[in-house]
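The values are calculated or read from the model by the stated rules, or taken from the named source; none is laboratory data. Bear in mind the structure is a predicted one, so any value in this text is a computation, not a measurement. All Cβ positions, glycine included, derive from the backbone under ideal geometry; neighbour counts span all protein chains shown. Heavy atoms of the whole protein, side chains included, go into the accessibility calculation; ligands, DNA and RNA do not. Shrake-Rupley method; radii C 1.70, N 1.55, O 1.52, S 1.80 Å.
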Protein chains: 6
Amino acid sequence: MARPDGRTPNQLRPVTITRNWLRHAEGSALIEFGDTRVLCAASVEDGVPRWRRGTGEGWVTAEYAMLPRSTDTRGARESVKGKIGGRTHEISRLVGRSLRAVVDFKAMGEHTITLDCDVLQADGGTRTAAITGAYVALADAMKYLRKRRNLKNNPLTGSVAAVSVGIIQGQPRLDLNYLEDSVAQTDMNVVAMGDGRFVEVQGTAEGAPFDRADLDTLLDLALAGCAELTDLQKKALAG
Amino acid sequence: MARPDGRTPNQLRPVTITRNWLRHAEGSALIEFGDTRVLCAASVEDGVPRWRRGTGEGWVTAEYAMLPRSTDTRGARESVKGKIGGRTHEISRLVGRSLRAVVDFKAMGEHTITLDCDVLQADGGTRTAAITGAYVALADAMKYLRKRRNLKNNPLTGSVAAVSVGIIQGQPRLDLNYLEDSVAQTDMNVVAMGDGRFVEVQGTAEGAPFDRADLDTLLDLALAGCAELTDLQKKALAG
Amino acid sequence: MARPDGRTPNQLRPVTITRNWLRHAEGSALIEFGDTRVLCAASVEDGVPRWRRGTGEGWVTAEYAMLPRSTDTRGARESVKGKIGGRTHEISRLVGRSLRAVVDFKAMGEHTITLDCDVLQADGGTRTAAITGAYVALADAMKYLRKRRNLKNNPLTGSVAAVSVGIIQGQPRLDLNYLEDSVAQTDMNVVAMGDGRFVEVQGTAEGAPFDRADLDTLLDLALAGCAELTDLQKKALAG
Amino acid sequence: MARPDGRTPNQLRPVTITRNWLRHAEGSALIEFGDTRVLCAASVEDGVPRWRRGTGEGWVTAEYAMLPRSTDTRGARESVKGKIGGRTHEISRLVGRSLRAVVDFKAMGEHTITLDCDVLQADGGTRTAAITGAYVALADAMKYLRKRRNLKNNPLTGSVAAVSVGIIQGQPRLDLNYLEDSVAQTDMNVVAMGDGRFVEVQGTAEGAPFDRADLDTLLDLALAGCAELTDLQKKALAG
Amino acid sequence: MARPDGRTPNQLRPVTITRNWLRHAEGSALIEFGDTRVLCAASVEDGVPRWRRGTGEGWVTAEYAMLPRSTDTRGARESVKGKIGGRTHEISRLVGRSLRAVVDFKAMGEHTITLDCDVLQADGGTRTAAITGAYVALADAMKYLRKRRNLKNNPLTGSVAAVSVGIIQGQPRLDLNYLEDSVAQTDMNVVAMGDGRFVEVQGTAEGAPFDRADLDTLLDLALAGCAELTDLQKKALAG
Amino acid sequence: MARPDGRTPNQLRPVTITRNWLRHAEGSALIEFGDTRVLCAASVEDGVPRWRRGTGEGWVTAEYAMLPRSTDTRGARESVKGKIGGRTHEISRLVGRSLRAVVDFKAMGEHTITLDCDVLQADGGTRTAAITGAYVALADAMKYLRKRRNLKNNPLTGSVAAVSVGIIQGQPRLDLNYLEDSVAQTDMNVVAMGDGRFVEVQGTAEGAPFDRADLDTLLDLALAGCAELTDLQKKALAG
């Protein structure tokens, strides 16, 4: 049972990370997982949200969105509808939480970094591409912040990457594209640190419940994928 | 290291399920996990959302919300703010997805069941209580639907329950209350069917990343908790 | 012409007031007028709205809302619709105004009490039950405030209760349930203090205009009902 | 104790009704109660709201609003704020309900008349001026509808007018202007038919509760005022 | 080819400016271009928007809106829809920009003037009537401000007026009414100072593109119209 | 007085048009005017808006938006604010109007094409880049539509391009970048067809009013710029 694009079950799509795609942002990356393209921008601002003022600690947050025609059929703009949908909210929160896992807020001081992840083209795995690309943008923004504000310690405590895995007709696969994602029985997104520990595990039975053995196989597959992505992030940041 | 309410690490809080708490709803339950109280109502309506019309299949959806003073300090009403927050969206989606895992939409016919889960009092675990209570309301609503519309087959394919687990100061614990939840390093919500298979696994590193061994311990704890809740659901529905 | 539930024309439905139904709120009551159930919570906060700052006076406000399945057929959530309907606004304003009639704002100091009245189940008279229950919650919140902030004078200047009256097929009746309310020619809500003076009188010709004699009969009926409710409030607060 | 504009306690302000102030509307009136100016427009449309379709009955509804600088200090536009305030909602509902009291919906057929009451300048009593002026606009719109659609019976079953009354420093007064309204202990709006029966009575204790004798005095005053307004409506419509 | 109301191609409709139509506003004018009637109110407030604080400079802004039945068929209220349409936004911005062209913000000091332009009746040219009338209201508000705040220099640096021009069946015409506007091939709004220089030129090919010669003819026509309107403004302000 | 990027006054920035940048859209182009980058996508849908149904005519509309970090300092997302700003509305309308000028709606049949113009990076002239790029996307979408729906006639009646011009310290310049735009006394956007006729002329006195001679110079400059852009569009579409 071949994959639609001929990959082996444990193979990532071609991944490219174009660092500093934007001129204004303090950090940015255009990340591609096959046909999925997400533009990640990190913006540094002085100050923190009201509820955090006076703590001496910084804040990192994220906003995820899709362009109307990033998808196969055009979707209505959330700005035109006047409200943000549940899926958008959920992914924005996931991206923010994932990136905060590698931040030392004390070291940051009272600064805020906002990670804007805008999907220019969607073909499955947009949230995992967003997390993986946002890390690159965040790393550059932290470098900028550290230099400009003379921070003593590095506010980054590690790296973070994410990938999707799923079971299609009984076969566990890495990095699903849209076609695969839409027919998966089980779908899991895993966010892991560079050292292989988990930051977030979200497994959902789309078609049929999954057992412990399925779960274990999927986690193995995902950790291997995250390790590859970690290498690609390092190369991009070394470039 | 004792738990704040004296429980053992693998002990649920006292759980009570008051079936048919509401007069109008086709199914309802007031569920309590200790001081957490969630009112679950299932409403049966003819017809399905536009995108599902003509398929012959039904639909199940959920809306979760908290009363303003269910919490320790009063929260602003989302109706007054004019928009629904990300957390509310995220939990509503989780509850709906979890319940849909045990529904045969073909057997339902073109009917919609909406599960309203309103938190009257919150002390941690509101989303897992909501799922567990919503199943009881759903079971009664399906019974009503089956009888009123002469459905040939049972649209329910199993039962579903949910519980939270977490690691506090290195100790894995079942069914966290608010105090425990707010200091957990890792926090996981597990939704399982009555037969022990997973419907949803959501693990988040709040304070520190977690490794494979942590994950395994938490999953064991959660499955045992879900099994107990499944028994309590059966008793409530037998009553 | 008997009433649907067998009451005499000047008889209230069974009324129960469960004080302190909530753990977190500074005052709370679950009030039932027959099948109508309203959860009233009073929240004390330091400070007052911007337009009142620096006056040395406190503020009392109310928010009324119905759970989606409190009614016979499910109503859409106002938070999901993104706006509050006219009826909700109107009743929230009425409840707030009614309670403010028994408050000495100078004695309160610059504190705000918000009364949340959430209808868990509706069978007519929800706004009058809300006012009657909110008074009990307010009394406890004022007691809390007085003690915590060492207030010299009692900020409560009296008690307040409310009831509906109406004319059905020519017969004046006290405390209409939903069935009666929906066929009433004239419908009136009366809010009165414990000493029998009026705080608010709202009479509406639903089906046919009413004359002065009708009005007089309805006011007599309402004042008698409010006197009974005042007694029940006293008992609840003495408990 | 003289009134600020020298009127006797039972005297209306100068009232002028300019019929057909607008060119496009099927009925319209610019009504002035002293410095209060409300532009009332009646728009006839075929069809009725969804919930009324197929009943053969018409519908009448109203929308009330204030221009930003109708008042002493500029108020923010509700369209700019993105939501309608409680007071606006409440008055729109009152105006609609009051006008519906004199309409035979069967005789109207499935048509809708919308009454737009826009306050151009405010000096107290805007809601009562709106009701009184809207009746004139409605009468012309009904005439138009009857002729254009060949209605057999007159859809208007009577006339309706409204006035405010209140107690200022113990003195009952008719038709309060803004200055008086802002210091009234008790404030009442009365809507009456041309034959003197009540359509709506809304009395509110702003400063102090009121007793039965106060209520009776205010009702007498209001009915006399409404009778005068009924005459002025007749004159305007005869013009 | 005669114009629908018998005017010559370069003739304005009858224009009347009723200064001080409102009692509360610091400046106001009811302006009529034929059947188009716009009520313009200027409100003076201390302080400026946040982004301008501390600059010592004032601010002038405008809000344009149409009453629901100003038009031939009733339009939904933007406050009820909960959002402002693109056309409203566009015209509000145009009016504000046009008036700011004749203001010396330094001379104003940190004060804000808001120009509310509400269309009571629409028959084409509402935006140009709004600008022309708003200037009269602004002039009075500036006079008020200068006196009350003892401003040394006149914050007004000139006058501003506006008119529409268009090509209908090949014929260039001044000040289009609605009938003409709806069939114009080219439609242009010109805002000019009293000295004949341009503040804004907005030409749109509604039906067919226009060439340089068309443009020149329309500009001549518009400048002549603006000169006439400037005279009428002077007369109104001298009155 | 040199331009910040060394161009001559009548020189465009380097313009690149990458056709078919997106995989899903029926037509698309990434257009760059120097550092300004706009992604233009054309989406073909069957059917037309309600008000146009049954006319046999098609419709073309546009939505313009900026990514939050396209600009020098991050702007809040309009979807998060819950409403679209005036500038966004105004530009969306301009883009739609400009493209409709070259469409034969009868020839299109009842289909709708939506042009999404999303600014990925902003450095002045985003609206003119959007129009110029949207034409390329539209041309491809029309080709697709013509083929798929077997349209007899070409729905495109010409080409359209746009450019900004302005006066900086007395010097007229073509295609302003952000730095120039922010200090221009006069700012004009010109939309022209391939044959040199005007579709839209929008001139605004930002700092000082402009006279007829200024206007003439700016129009000459703009028409020359549009002619160059027309050539670039042709080359892109020939590619």
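Charge tally for D:C40 (other residues, Cβ to Cβ under 13 Å; Lys, Arg +1; Asp, Glu -1): -2.
For the protein assembly as shown, a crude dipole built from +1 on the beta carbon of Lys and Arg and -1 on the beta carbon of Asp and Glu, taken about the Cα centre, is about 0 debye to the nearest 20. Rounded to the nearest 10 degrees, the angle from helix F:212-238 to the longest Cα principal axis of chain F is 50 degrees. Heavy-atom accessible area for F:Y135, with the other protein chains in place and a 1.4 Å probe, reaches approximately 20 Å².
Relative contact order of segment F:143-195: 37 percent, from C-alpha pairs under 8 Å at least 6 residues apart in sequence.
When chain F is modelled as a GNM with alpha-carbon springs shorter than 10 Å, which of F:R127, F:R149, F:R37 fluctuates the most? Top of the fluctuation ranking is F:R149. The mean number of partner chain beta-carbon atoms within 10 angstrom of a residue's beta-carbon across peptide A:209-219 is 4.
Evaluated at q = 0.13 Å⁻¹, the base-10 log of the normalised Debye intensity for segment F:29-142, with identical point scatterers placed on the Cα atoms, takes the values -0.50. Convex hull volume of the C-alpha atoms in segment E:1-96, normalised per residue: 173 Å³. Each DSSP beta bridge with both residues in the protein assembly as shown is either parallel or antiparallel, and the antiparallel ones are about 85%. Coupling constants for segment A:187-204 follow from the phi torsions by the Karplus curve (6.51 cos²θ - 1.76 cosθ + 1.60, θ = phi - 60°), and in residue order they are 9, 9, 10, 10, 10, 10, 7, x, 8, x, 7, 7, 9, 7, 10, 10, x, 10 Hz; glycine and proline get x. Considering only C:N177, C:P155, C:V136, the residue lying farthest towards the positive end of the dipole of segment C:125-239 is C:P155, judged by Cα position with unit charges set on Cβ. Working from label points 7 Å from Cα in the Cα-to-Cβ sense, the D:N20 to F:T8 distance is 6.8 nm. Considering only E:D116, E:D140, E:D211, the mean-square fluctuation computed in a Gaussian network model of chain E, springs between alpha carbons under 10 angstrom, is largest for E:D211.
Separation of the alpha carbons by more than 24 angstrom is noted, of F:K147/F:K234; A:K106/F:K81; B:K81/C:K147; F:K83/F:K143; B:K143/C:K81, for A:K106/F:K81; B:K81/C:K147; F:K83/F:K143; B:K143/C:K81.
One Cα centroid belongs to segment A:50-117, the other to segment D:165-239; the line between them spans 56 Å. Binning the C-alpha pair distances of chain A at 10 Å intervals from 0 yields a P(r) profile of 8, 32, 35, 19, 5, 0 %, listed from the shortest bin outward. Rounded to the nearest 5, the antiparallel percentage of DSSP beta bridges internal to chain B is 85%. Computing FRET efficiency as 1/(1 + (r/R0)^6) for C:L179 and D:A224, where r is the C-beta to C-beta distance and R0 is 51 Å, gives about 0.85. If one takes the longest principal axis of the Cα atoms in chain B, at what angle in degrees, from 0 to 90 and to the nearest 10, does the Cα axis of helix B:86-100 lie? It is inclined by approximately 60 degrees.
Using all pairs of distinct alpha-carbon atoms, the Kirkwood hydrodynamic radius of segment C:167-239 works out to 13.1 angstrom. Structural descriptor for segment D:1-72: relative contact order 17 percent, calculated from alpha carbon pairs under 8 angstrom and at least 6 residues apart.
Kirkwood Rh over alpha-carbon pairs of segment E:1-54, then Stokes-Einstein at 4 °C and 1.567 mPa s: what D in µm² s⁻¹, rounded to an integer? For the chosen part, D equals 91 µm²/s. For chain C, averaging the sequence separation of C-alpha pairs within contact (under 8 Å, six or more residues apart) and dividing by the residue count gives a relative contact order of 21 percent. Size descriptors for the protein assembly as shown: radius of gyration and Dmax over Cα atoms are 34.3, 96 Å.
Using only alpha carbons, segment C:67-199 has a radius of gyration to Kirkwood radius ratio (Rg to Rh) of 1.03. Comparing D:R100, D:R77, D:R173, which has the greatest mean-square fluctuation in the GNM of chain D with Cα pairs linked when under 10 Å apart? Fluctuation is largest for D:R77. Here's how it looks for C:E206: its modeled amide H is under 5 Å from those of C:T186, C:D187, which are all 5 or more places away or on a different chain.
With each label modelled as a point 7 angstrom along the Cα→C-beta vector, the E:A76-C:D231 pair spans 5.3 nm. A helix-only calculation puts chain F at -10000 deg cm²/dmol for mean residue ellipticity at 222 nm, using -39500 (n - 2.57) for each DSSP H run of at least four residues, averaged over all residues.
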